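The values are calculated or read from the model by the stated rules, or taken from the named source; none is laboratory data. Remember, predicted model here, so these are calculated numbers, not experimental data. Cβ sites come from the backbone with ideal geometry, for glycine too, and all protein chains shown count toward neighbours. For accessibility, only protein heavy atoms count, side chains too; no ligands or nucleic acids. Shrake-Rupley method; radii C 1.70, N 1.55, O 1.52, S 1.80 Å.
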Protein chains: 2
Amino acid sequence: MPTHTFDKVPPLDFLLVPGGLGSRAPGLDPTREFVKNIYPSLKYLMTVCTGSALIAPTGLLDGRRATGNKKIWKWVTSQGPNVDWVAKARWVVDGNIWTSSGIAAGMDCMYAFVGYIWGEEESKDLAMSLEYERHTDSHWDPFAEYWGATWPLTPGAGGGDDGAGGSG
Amino acid sequence: MPTHTFDKVPPLDFLLVPGGLGSRAPGLDPTREFVKNIYPSLKYLMTVCTGSALIAPTGLLDGRRATGNKKIWKWVTSQGPNVDWVAKARWVVDGNIWTSSGIAAGMDCMYAFVGYIWGEEESKDLAMSLEYERHTDSHWDPFAEYWGATWPLTPGAGGGDDGAGGSG
């Protein structure tokens, strides 16, 4: 349940922009405006799945390394032609912007972030408590190959050419 | 957000009982009553994490093989002394009751269930779309050893002796 509107946001250190079908919905300009305006006051910005595609049109990712959902990679990358997209990555850190690949990759990205902020012991303990087997290598990404995601795009390759088919 | 009350539940094929701190809250008798009463009309009952501990006092798991959260295994098992607890398991299927281990294990259990109902191809496609690397072996469970979970309980072993410390 939403607890705040874009107009009444408390000071934020951290903003997570999720993906999902909502990231391809119409009328996202206010969302992009919000992210763009609040970014300078954030310590960290994180995206999961198509969250990177959602914010790419703001220009915040221009010239930065970033990743996103691999099943609809063509669509994701089309949202930010000036982004230095990384096709094969579980997650990517560039400055204070953390972008992760499709849905489940967000978990590994978040555990890495917890380790970065609170220490690797804390992150490991959390994962053991939640009985989660982490991928700790940000370069691990069999899904890029599976979905034919490359950058630059390979003509005729997979990766989905629109936002309609993806799951997240 | 809840959409129904226990008094106004439509016919259900499937019920998932999650865990979490709520499963150790006081006043759960109405929840247990609900699960016990609706079970005969279900096709499948699934629990995640301490969800199995939540429903164990109903007797529904008595004489059945079941599992649950490993960090607070002592507390989980104490909720159902007549359950045939399985310490080392990512998830356990006994009849039409699927119980899974701590938090993240619920994902592997659900993918296995999707495979069981809709076919393994469907489940695999879903996991590839969500960029999730499944554990497809229900016997895979490094967390049982990590938390010292055994059945019967080993005197002095770990696994947590109360419900206060667990995460899920």
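Against the condition charged (D, E, K, R), modelled with pLDDT under 95 and closer than 19 Å to A:Leu130 by Cβ, how does B:Arg90 come out, does it pass?
Values: charged (D, E, K, R): yes; modelled with pLDDT under 95: no; closer than 19 Å to A:Leu130 by Cβ: yes.
So B:Arg90 does not fit the description; no.
Taking only the stretch A:37-60 into account, find how many residues are at negative phi and either touching a residue at least 60 places away in the same chain (Cβ under 8 Å) or in contact with a His (Cβ under 9 Å, 6 or more places away or on another chain) (or both). Give the derivation first.
Filtering the stretch A:37-60 for residues at negative phi gives A:37-48, A:50-58, A:60.
Checking which are either touching a residue at least 60 places away in the same chain (Cβ under 8 Å) or in contact with a His (Cβ under 9 Å, 6 or more places away or on another chain) (or both) leaves us with A:44, A:46, A:48, A:50, A:53.
Number of matching residues: 5.
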Counting only residues that are among the hydrophobic types (A, V, I, L, M, F, W, C) and touching a residue at least 60 places away in the same chain (Cβ under 8 Å), the stretch A:91-118 contains a total of 4
Among the residues in the stretch A:60-67, are any part of a helix (DSSP H, G or I) and open to solvent by 20 Å² or more (accessible area, probe 1.4 Å)? no
Among the residues of the stretch A:68-88, the number that are small (Gly, Ala, Ser) and within 11 Å of chain B (Cβ to nearest Cβ) is 1
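Taking the conditions exactly as written (away from chain A (no Cβ under 12 Å), over 19 Å from B:Lys36 (Cβ atoms), within 10 Å of the chain's Cα centre (by Cα) and modelled with pLDDT of 95 or more), does B:Val114 satisfy them or not?
Details: away from chain A (no Cβ under 12 Å): yes; over 19 Å from B:Lys36 (Cβ atoms): yes; within 10 Å of the chain's Cα centre (by Cα): no; modelled with pLDDT of 95 or more: yes.
It is false that B:Val114 is away from chain A (no Cβ under 12 Å), over 19 Å from B:Lys36 (Cβ atoms), within 10 Å of the chain's Cα centre (by Cα) and modelled with pLDDT of 95 or more.
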Going through the stretch A:1-43 in order, the residues found to be open to solvent by 50 Å² or more (accessible area, probe 1.4 Å), among the hydroxyl-bearing types (Ser, Thr, Tyr) and more than 14 Å from chain B (Cβ to nearest Cβ) are A:Thr5, A:Ser41
Taking the stretch A:1-25 and keeping residues charged (D, E, K, R) and under 25 Å from A:Phe113 (Cα atoms) leaves A:Asp13
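Find the residue count for the stretch A:127-147, including only residues that are in contact (Cβ under 8 Å) with a residue 12 or more places away in the chain and either open to solvent by 30 Å² or more (accessible area, probe 1.4 Å) or more than 7 Å from chain B (Cβ to nearest Cβ) (or both).
13
Given the criteria without any contact (Cβ under 8 Å) to a residue 40 or more places away in the chain and of a type in the set (Lys, Arg), does A:Lys88 qualify? Before the answer, list the steps.
Working: without any contact (Cβ under 8 Å) to a residue 40 or more places away in the chain: no; of a type in the set (Lys, Arg): yes.
Judged against the criteria, A:Lys88 is not a match.
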In the stretch B:74-116, anything polar (S, T, N, Q), assigned to a loop (DSSP other than H, G, I, E, B) and open to solvent by 10 Å² or more (accessible area, probe 1.4 Å) is listed as B:Gln79, B:Asn82, B:Asn96
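Is it the case that B:Lys71 is farther than 14 Å from B:His139 by Cα and either part of a helix (DSSP H, G or I) or free of Cβ contacts under 8 Å to residues at least 24 places away in the same chain (or both)? Let's see the steps before the verdict.
Details: farther than 14 Å from B:His139 by Cα: yes; either part of a helix (DSSP H, G or I) or free of Cβ contacts under 8 Å to residues at least 24 places away in the same chain (or both): no.
For B:Lys71, the condition - farther than 14 Å from B:His139 by Cα and either part of a helix (DSSP H, G or I) or free of Cβ contacts under 8 Å to residues at least 24 places away in the same chain (or both) - is not met.
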Of (1) within 14 Å of another protein chain (Cβ to nearest Cβ); (2) farther than 25 Å from A:Gly148 by Cβ; (3) touching a strand residue (DSSP E or B) at 6+ places or on another chain (Cβ under 8 Å); (4) not small (Gly, Ala, Ser), A:Trp91 satisfies every one except (2)
